[in-house]
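S.K.: A single structure is presented below for examination.
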There are 4 protein chains.
Amino acid sequence: MLRLTVSPRFAETDALGHINNTVIPVWFEQGRHGIFEAVHPSLNVDDWPLILAKISVEFVAQIYFGEDVEIRTVIDKLGNSSIIVNHEAWQSKKLVATGEAVMVYFDYQTNKAATIPPEVRERLTPIMK
Amino acid sequence: MLRLTVSPRFAETDALGHINNTVIPVWFEQGRHGIFEAVHPSLNVDDWPLILAKISVEFVAQIYFGEDVEIRTVIDKLGNSSIIVNHEAWQSKKLVATGEAVMVYFDYQTNKAATIPPEVRERLTPIMK
Amino acid sequence: MLRLTVSPRFAETDALGHINNTVIPVWFEQGRHGIFEAVHPSLNVDDWPLILAKISVEFVAQIYFGEDVEIRTVIDKLGNSSIIVNHEAWQSKKLVATGEAVMVYFDYQTNKAATIPPEVRERLTPIMK
Amino acid sequence: MLRLTVSPRFAETDALGHINNTVIPVWFEQGRHGIFEAVHPSLNVDDWPLILAKISVEFVAQIYFGEDVEIRTVIDKLGNSSIIVNHEAWQSKKLVATGEAVMVYFDYQTNKAATIPPEVRERLTPIMK
């Protein structure tokens, strides 16, 4: 499991007084940084091998400014070319949001999904549920 | 159907050269402004009657800087207290993203879902699919 | 003068109930898009010839959700390689923010400022104060 | 001095491959959180006593994804009602951006600047240059 601690930013609140819902996909993307590194250790964007196909977020409880949030990220399923990721956001020992992201190992040259190579699969294994 | 034209911002691109995926939930929330107005014409946040329960986005094609994007928003289903919304993003006559949002008519005082009143329901009807 | 109309986004408000101050540099950058196009009509990032050296913003009055904002952008001074830009944000006929941006015509290969070519200077002239 | 470590987010890069310039004011605002707490320990927005009058940022060097950034924040001058703050952003032992923010101790009821009370002044002293 990947664990990331995020300190909510004042700029991330909205007029209802809590963290705006559009911020959670940003935190969850940051939660996937460890997957980016496992898949593509150079982080070089010229041969970036991932594309995002789908995300979803369920807003479980209000998220407040002034308390850290822990983002927990695990790989739920590893397909031939797809990586399905589950996210949870916890604040003050309470689950406040969950989410899923479907990423595809992708060849931007041919514009097609590609098979996840064995060495990448191996680096992803410790992040599996 | 609500139609919103968005000009992608340079700040919304990312290092892969396209619009970053976390921007689409922001555009889709802006696509729901017309629903906010129909539900709560004053837009006063002190008695705001909506809460967001869930969002999902499917990334269909790359979204580019330099071309306007049209966000199309319709209400798919109107429940007793829930409003299920469908979004589409179109750029250069191509569907580039779709999404769904589940909103709940909500009483922040009692912290509970509430029945959508008839006059709100009436104002929402023209936005239905 | 370049004029851009921005509809404030709910996600751009903060817990104090107004548009968060960090949003204004984003709107002002969008106000400079017409300068990007005049300087570099292709908008191709591979030979992008501008770098931002400095920005400043003065917050004159609260900016509200629910009313459009007009961003007015003019070139204040055109140096050998620098372009100094003035921004104003107007909402409900009131000046709500002003700002300045110092951009430099730049050669990313040699990592040095470069002389603004005559044809670029000509395309910038209509945007001058 | 307040020190904050920020991990640049992929969503914060832009098509030029580096961190977009509009992100730095967001990090600098986060760098001021310790000042918010010193001025207004409850962080309650209903009696928030600060308003931002001005910001400026100088972009000294490119800021990269993949390396942490340290934001250093000090109070440069403490006036009767104003708090002038200096920010620096450091990445890989290199100064990459500097900035200033002018905040005003403010009474939102009377809509006027107010004198910084002695106990607030005392809590701000350790953050002074």
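Each reported figure results from applying straightforward, stated rules to the coordinates on display, with no laboratory input. As the structure is a prediction and not an experimental result, all values here were calculated from the model. As a convention, Cβ positions derive from the backbone with ideal geometry for all residues, glycine included, and neighbour counts pool all protein chains shown.
S.K.: Set the Förster radius R0 to 35 Å, insert the Cβ-Cβ distance between C:Ser7 and C:Ser82 as r into 1/(1 + (r/R0)^6), and round the FRET efficiency to 0.05.
M.R.: Between C:Ser7 and C:Ser82 the formula returns 0.65.
S.K.: Compare the peptides D:21-31, A:1-11, B:55-65, C:36-46 by average per-residue count of other Cβ atoms within 10 angstrom and give them in order, highest first.
M.R.: The packing order, highest mean first, is D:21-31, B:55-65, A:1-11, C:36-46.
S.K.: Count of lysine pairs in region D:8-129 with Cα atoms under 24 Å apart, counting only pairs 8 or more residues apart in sequence or on different chains?
M.R.: 7
S.K.: Enter the Cα centre distance for the pair region B:1-61 and region D:48-115, rounded to the nearest angstrom.
M.R.: If we compute the Cα centre of each part, the gap is 29 Å.
S.K.: Using every Cα-Cα pair within region A:2-127, state what percent have a distance larger than 21 Å.
M.R.: Tail fraction, whole percent: 42.
S.K.: Between B:Ser92 and C:Val60, what FRET efficiency follows from the Cβ-Cβ distance if R0 is 41 Å, with the result rounded to 0.05?
M.R.: 0.60
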